[in-house]
C-alpha cells in the first residue's frame with residue numbers, strides 16, 4: 001500500500017476523494033482546501049465545537065443547525081461547507097478531521113508535495129516551521145506541505161509524521177523509554 005493509499009483509505013478517504021474530484025471539476029481545489037483548513041482550525045481551537053463534532057449524543061439536526069451558524073460566521077461556504085453538513089447529515093461528523101486530512105493529502109499529491117505533520121509542546125515560529133520544511137524536503141526529495149499543531153502532552157521536542165514515516169523525539173517518549181528501561185533493571 002502506498003503512502004497516498006494509506007492517507008486516503010476507508011470512509012474518510014471516500015468522502016475526501018469524492019470532494020476532491022468535485023473540486024477539480026469546479027477548479028476550486030485550493031479554495032476548498034483552505035476553507036477546510038479554516039474549519040479544522042476552528043474545531044481544534046474550540047472545545048465546544050470539538051464536543052459537537054465528536055459527541056454522538058447530539059442529533060444530526062442539532063449538529064446541522066449549529067454547524068450552519070458556525071460556517072456562516074466563519075464565511076465557509078461552497079463545497080467545503082457541503083462536506084461538513086453532509087458528514088453531519090450522514091452521522092459521520094466524528095470523522096470530519098480525518099476527511100479533511102485525507103483531502104489535504106490528495107491536494108498535496110496533486111501538487112507534487114508530500115504532506116507532513118509536526119506536533120510540538122509550544123507553537124513553532126515561522127522560521128522553525130520553514131527550517132523543518134526545508135530539512136524534510138531535503139530528506140524526502142519532494143516539496144513539503146506541513147501542518148503544525150501544538151500538543152502540550154508531549155512535554156517537549158517534536159513528533160514529525162511524513163507519509164509513512166514518523167520520528168518521535170518528544171520528551172514524553174524519552175521519559176517513557178527511560179521508565180521502561182529502569183523497570184527492566186530492577
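Taking springs between alpha-carbon atoms closer than 10 angstrom, which of 170, 46, 38 fluctuates most in the Gaussian network model of the chain? Highest fluctuation of the listed residues: 46.
Remark: relative contact order (the stretch 113-185) = 37 percent; criterion is Cα-Cα distance under 8 angstrom and separation of 6 or more residues. Quotient of the Cα radius of gyration of the stretch 8-74 and 2.2 N^0.38 Å, N being its number of residues: 1.23. Put the Cα centre of the stretch 145-186 next to the Cα centre of the stretch 22-74 and the gap is 30 Å. Here the stretch 113-185 is treated as a Stokes sphere of Kirkwood radius computed over C-alpha pairs; at 37 °C and 0.692 mPa s its diffusion coefficient rounds to 251 µm²/s. If you take the square roots of the eigenvalues of the alpha-carbon gyration tensor of the stretch 87-153 and sort them as a ≥ b ≥ c, do you get rounded (a/c under 1.5), prolate (a/b over b/c) or oblate? Because a/c hits 1.5 or more and a/b fails to exceed b/c, the stretch 87-153 counts as oblate. Projected over all directions and averaged, the alpha-carbon convex hull of the stretch 1-141 occupies 9.5 nm². Compared with the dominant Cα axis of the chain, that is its longest principal axis, helix 96-110 is turned about 80°. Distance between the pseudo-spin-label points of residue 82 and residue 66 (7 Å out from Cα toward the beta carbon): 2.5 nm.
Contact order for the chain, expressed relative to its length and based on alpha carbon pairs under 8 Å spaced 6+ residues apart, stands at 21 percent. Taking label points 7 Å from Cα along the Cα-to-Cβ direction, residue 143 and residue 176 give a separation of 3.5 nm.
Taking other C-beta atoms within 10 angstrom as a stand-in for reagent exposure, 98, 62 fall in the order 62, 98, fewest first.
Values quoted throughout were computed directly from the atomic coordinates according to the rules given, and no laboratory measurement underlies them. Source: prediction; values computed, not measured. A quick note on method: Cβ atoms are made from the backbone with ideal geometry, for glycine too, and the neighbour counts reach across all protein chains shown.
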